[in-house]
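Asker: What follows is a structure written as structure tokens; I'll ask about it next.
Since every read-out is calculated from the coordinates, none of them should be taken as a lab result. The structure displayed is predicted, hence computed values, not measured ones. All Cβ positions, glycine included, derive from the backbone under ideal geometry; neighbour counts span all protein chains shown.
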């Protein structure tokens, strides 16, 4: 019975939201109100999750778990950011500059590392996945479109070859759209089945 | 009634068509032909057995999507997989741990993990750290998973949910630590990035067929999606013919 109540509430609110989405701008006021509720709920959920994160790290330090030094670093960073934010205000340009000075180099370093990882893995893709139609087409199309999009191949304005190159450059977008249609279909089917309570029913 | 534009009408038509096919699938319960489930999801069973036999922990990454604050499209696939997985590994020597980088997802995931222990009448075995928020954004979440993955007592890693291509660093570390990894993501960019790794992954809409535990949900979803795919293909070919023949301006 408890499960059924949940399913009914989910289904009614989901269908209401879906219908309201189609009949804008007449339903905009209600839609905005519901979206604001969702944002407030998400923010509260984030706060709850964050308090639990702090509690978990405190426990790691208290029991001296392996790697508890990371928890200490986390606490130091959190306390500094939080206290500075409270006193200076989260919109303070000096505070934001200070945060960015720490965050940007770290994120850039992660992206640099990712570039290296991607290069090394791309070189190893045939060893990892073997020689198959999928891997060969993946490897050759990556190299082909990488070269094509460098922009070296230009034969003058509106020549037949230029038009062909532009058409070829569109191929990855066409492929991505095909895959996205499939993914969107999957999301639609799953969303509607959840609305009808079929996920719970089948578990 | 407000006037619907062409895109809204198309969206409404697709929604109604999907509802119709779901209803047909529900009436047509007797279809016997079993459809092939995605290999990546089937391999989660192997990881669960390995985790039980070796007494090692299983890590579940749920990504950053649910509340819409993250960049990924929110969905419930990860939570479905987590529920099935948690129900099965409650009494393992080393408990499974799940990680998220989204507040709402972390709270729902907490309810699922706690629920699994409660259902197994083993609430006293539950610890809050079995379900953790690893960060407030995709990159900080990624940074939070890496130290957990670096431990020696992990049997495998299951990444299911919204991930960025940057999460490839997780698969790379798992490969170096010889930890089998399964990746299921709804993000096209993440799928392309993970394809270069050793991870067992789902491609395209296979992500929405979580074949873990009972297969009835997956079988029905596959049946519905096959019908929709066929109708879409026919519709697209028809539209191309009409466009080329000048019927559609």
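Asker: Using a Gaussian network for chain B with springs between C-alpha atoms less than 10 Å apart, which of these wobbles most: B:55, B:235, B:186?
Answerer: Taking springs between Cα atoms under 10 Å, the residue moving most is B:235.
Asker: Measure nothing but the geometry: give the 0 to 90° angle between the long axis through the Cα atoms of B:6-27 and the longest principal axis through the Cα atoms of chain B, rounded to 10°.
Answerer: Taking the Cα atoms of chain B, the angle to B:6-27 is about 70 degrees.
Asker: Now a separate question. In peptide B:165-177, how many Cβ atoms from other protein chains are near each Cβ within 10 Å, on average?
Answerer: 3
Asker: Then there is this: Classify segment B:104-227 as rounded, prolate or oblate from the Cα gyration tensor: take a ≥ b ≥ c as the square roots of its eigenvalues, call it rounded if a/c is under 1.5, otherwise prolate when a/b beats b/c and oblate if not.
Answerer: Oblate shape, in that a/c is at least 1.5 and b/c is the bigger or equal ratio.
Asker: From the square roots a ≥ b ≥ c of the eigenvalues of the alpha-carbon gyration tensor of segment A:113-155, which class results: rounded (a/c under 1.5), prolate (a/b over b/c), or oblate?
Answerer: oblate
Asker: What average count of beta carbons from other chains do you get within 10 Å of the Cβ of residues in A:62-75?
Answerer: Partner-chain Cβ atoms within 10 Å, mean over residues of A:62-75: 1.
Asker: Ok, one more. Among B:221, A:120, which comes first, second and so on when ranked by fewest other beta-carbon atoms within 10 Å?
Answerer: Starting with the residue having the fewest Cβ neighbours, the order is A:120, B:221.
Asker: For helix B:39-54, report the angle its Cα long axis makes with the longest principal axis of the Cα atoms of chain B; keep it between 0 and 90° and round to the nearest 10°.
Answerer: Tilt relative to chain B: about 10 degrees.
Asker: Same structure, new question: In segment A:1-146, how does Rg compare with the Kirkwood Rh, expressed as the Rg/Rh ratio over alpha carbon atoms?
Answerer: Here the Rg-to-Rh quotient is 1.13.
Asker: Give me the tail of P(r) for the protein assembly as shown as a percent: Cα-Cα pairs with distance above 44 Å.
Answerer: The answer is 18 percent, as a whole percent.
Asker: Run through every distinct alpha carbon pair of segment B:11-148 and return the Kirkwood hydrodynamic radius in angstroms, one decimal place.
Answerer: 16.9 Å
Asker: Order by neighbour count: B:185, B:51, A:71, A:132, fewest other Cβ atoms within 10 Å first, most last.
Answerer: A:132, A:71, B:51, B:185
Asker: Hey, another quick one. For the residues B:7, A:159, A:135, A:38, what sequence is obtained by ranking on other C-beta atoms within 10 Å, fewest first?
Answerer: Final ranking by Cβ density, sparse to dense: B:7, A:159, A:38, A:135.
Asker: Something else now. With the cut-off at 1.5 for a/c, could you classify segment A:84-203 from its C-alpha gyration tensor as rounded, prolate or oblate?
Answerer: Oblate shape, in that a/c is at least 1.5 and b/c is the bigger or equal ratio.
Asker: With axes computed from alpha carbons, what is the tilt in degrees of helix B:103-119 against the longest principal axis of chain B, rounded to the nearest 10 within 0 to 90?
Answerer: Compared with the principal axis, the helix lies near 60 degrees.
Asker: Across every pair of different alpha-carbon atoms, what Kirkwood hydrodynamic radius in Å does segment B:200-249 reach?
Answerer: 13.1 Å
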